[in-house]
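Engineer: Okay, handing you the structure first.
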Ligand code: NDP
């Protein structure tokens, strides 16, 4: 057994340390599939893990990274054989199970999704957990009954990872997308992704009224806190908001008014333990409903040795769109 390159998180006297180093293959955790990882990505949660800003990592040593695309190197799982191209995200990778910022990962075969036809491993990770979560949010709104004819849809944190993919997918599906951002300088970028209107995030951070003027039929929110509360109070009768993030905070200073007086629904989105059938559906819809040209515009590439520094930037809200990480 040898070693491989990985971003290792260790416990320190105060908090944690993160370093790109060699990891001993003998330390890999149990799993029935070993994957040669080719691409990973930088998500908000990865930023928290590599900087130690929040207790994302709950096992030490840990390899950070919550998602990867790669090729099966060894398998004793009936569904997978050497050479299969796979995508994996969540399931505690980078938190309780050794993660994706590594040349090798050993995981349960039941966690894996086949790389969709026509999608490269790099494209899959350009989408990554953030993009897949955006698609889970779209699926939840569709299940609620939302269609482009229902009215406009608002996307918050629009210049971020979830927001950029949500904006691109919703506009391709024919929705009138209102993109909310704190970076008005990114208005052209967001219009390029298909946003019909851009609003300043400050419009959604004021005092929350139980009910405000109805502005949209639906929303995808990666911000939480006062922003989500305002979104709900501005949602039209019978509409729905998919809540998937907490970039501004975990609280929700709302009232029951939107729910009991307008029949508004709050749809919770979790990507980590999401069941396999829903994952497969989300990845296949991403293959058909996300314009590849827009994905190129959304994506920046970094190497493994840039992950820790860029992790601090994503927490500071300084990263636009998605970051794909080249592993080898
Ligand atoms: P990004 O950092 O790429 O995007 C977040 C965006 O939110 C920023 O780009 C910024 O957009 C906006 N934002 C940041 N800080 C604030 C603030 N203080 N107030 C208002 N807006 C702010 O992160 P991701 O897109 O990767 O993730 C977004 C959120 O979704 C995170 O909280 C993440 O943990 C969560 N998430 C949850 C998942 C789940 O399973 N439920 C899965 C994936 C992500 P702008 O500049 O345009 O305003």
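The values are calculated or read from the model by the stated rules, or taken from the named source; none is laboratory data. All figures in this text were calculated on a predicted structure; none of them were measured in a lab. Note: ideal-geometry Cβ built from the backbone for every residue, glycine included; neighbour counts use all protein chains shown.
Engineer: Answer yes or no as to whether residue 117 is surrounded by fewer than 20 Cβ atoms within 10 Å (Cβ to Cβ), within 30 Å of residue 84 (Cβ to Cβ) and in contact with a helix residue (DSSP H, G or I) (Cβ under 9 Å, 6 or more places away or on another chain).
Structural biologist: Taking the combined requirement at face value, the residue satisfies it.
Engineer: Of the residues 164, 180, only one is within 14 Å of the ligand (Cβ to nearest atom), in contact (Cβ under 8 Å) with a residue 40 or more places away in the chain and more than 23 Å from residue 124 (Cβ to Cβ); which?
Structural biologist: So the residue among 164, 180 that is within 14 Å of the ligand (Cβ to nearest atom), in contact (Cβ under 8 Å) with a residue 40 or more places away in the chain and more than 23 Å from residue 124 (Cβ to Cβ) is 180.
Engineer: Any idea which residue in the range 222-256 is surrounded by the fewest Cβ atoms within 10 Å (Cβ to Cβ), counting only those that are assigned to a strand (DSSP E or B) and near the ligand (Cβ under 9 Å from one of its atoms)?
Structural biologist: Across the range 222-256, the extreme among qualifying residues is 249.
Engineer: Also, quick follow-up: If you go through the range 287-310 one residue at a time, do you hit one that is more than 17 Å from residue 87 (Cα to Cα), within 14 Å of the ligand (Cβ to nearest atom), out of contact with any strand residue (DSSP E or B) (no Cβ under 8 Å at 6 or more places or on another chain) and assigned by TED's automatic domain parsing to the domain that holds residue 108?
Structural biologist: Checking the range 287-310: not a single residue is more than 17 Å from residue 87 (Cα to Cα), within 14 Å of the ligand (Cβ to nearest atom), out of contact with any strand residue (DSSP E or B) (no Cβ under 8 Å at 6 or more places or on another chain) and assigned by TED's automatic domain parsing to the domain that holds residue 108.
Engineer: Take the range 189-202 and flag every residue that is outside any strand (DSSP E or B), free of Cβ contacts under 8 Å to residues at least 24 places away in the same chain and touching a strand residue (DSSP E or B) at 6+ places or on another chain (Cβ under 9 Å). Before you say what the answer is, go through the steps one by one.
Structural biologist: Kept after step one, since they are outside any strand (DSSP E or B), are these residues of the range 189-202: 189-196, 201-202.
Adding the requirement that they be free of Cβ contacts under 8 Å to residues at least 24 places away in the same chain leaves 191, 202.
Scanning the range 189-202 gives a single hit, 191.
Engineer: Out of the residues in the range 260-274 that are within 16 Å of the ligand (Cβ to nearest atom) and surrounded by fewer than 17 Cβ atoms within 10 Å (Cβ to Cβ), state the one that is nearest to residue 68 (Cα to Cα).
Structural biologist: For the range 260-274, the residue satisfying everything is 272.
Conditions tested, residue by residue: (1) within 17 Å of the chain's Cα centre (by Cα); (2) closer than 17 Å to residue 136 by Cβ.
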{"site": "205", "(1), (2)": "no, no"}
{"site": "212", "(1), (2)": "no, no"}
{"site": "230", "(1), (2)": "no, no"}
{"site": "243", "(1), (2)": "yes, yes"}
{"site": "249", "(1), (2)": "yes, no"}
{"site": "256", "(1), (2)": "no, no"}
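Engineer: If the requirement is being in contact with a helix residue (DSSP H, G or I) (Cβ under 9 Å, 6 or more places away or on another chain) and within 11 Å of the ligand (Cβ to nearest atom), which of these qualifies: 315, 281? It would help to see each step written out before you state the result.
Structural biologist: Values: 281 fails: within 11 Å of the ligand (Cβ to nearest atom).
None of the others qualify; the one that does is 315.
Engineer: Hey, among the residues in the range 214-227 that are closer than 18 Å to residue 252 by Cβ and without any contact (Cβ under 8 Å) to a residue 60 or more places away in the chain, which one's farthest from the chain's Cα centre (by Cα)?
Structural biologist: 226
Engineer: Which count do you get for residues in the range 111-163 that are farther than 25 Å from residue 94 by Cα and not in a loop (DSSP other than H, G, I, E, B)?
Structural biologist: So the answer is 13.
Engineer: Quickly run through the range 249-273 and pick out the residues that are over 25 Å from residue 87 (Cα atoms) and free of Cβ contacts under 8 Å to residues at least 40 places away in the same chain.
Structural biologist: 249, 250, 251, 252, 256, 259, 260, 263, 264, 266
One line per residue, one yes/no per condition, for (1) under 16 Å from residue 37 (Cβ atoms); (2) surrounded by fewer than 21 Cβ atoms within 10 Å (Cβ to Cβ); (3) in contact (Cβ under 8 Å) with a residue 60 or more places away in the chain; (4) over 14 Å from the mean Cα position of the chain (by Cα):
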| site | (1), (2), (3), (4) |
| --- | --- |
| 60 | no, yes, no, yes |
| 64 | yes, no, yes, yes |
| 69 | yes, no, no, yes |
| 72 | yes, yes, no, yes |
| 75 | yes, yes, no, yes |
| 84 | yes, yes, no, yes |
| 110 | no, yes, yes, yes |
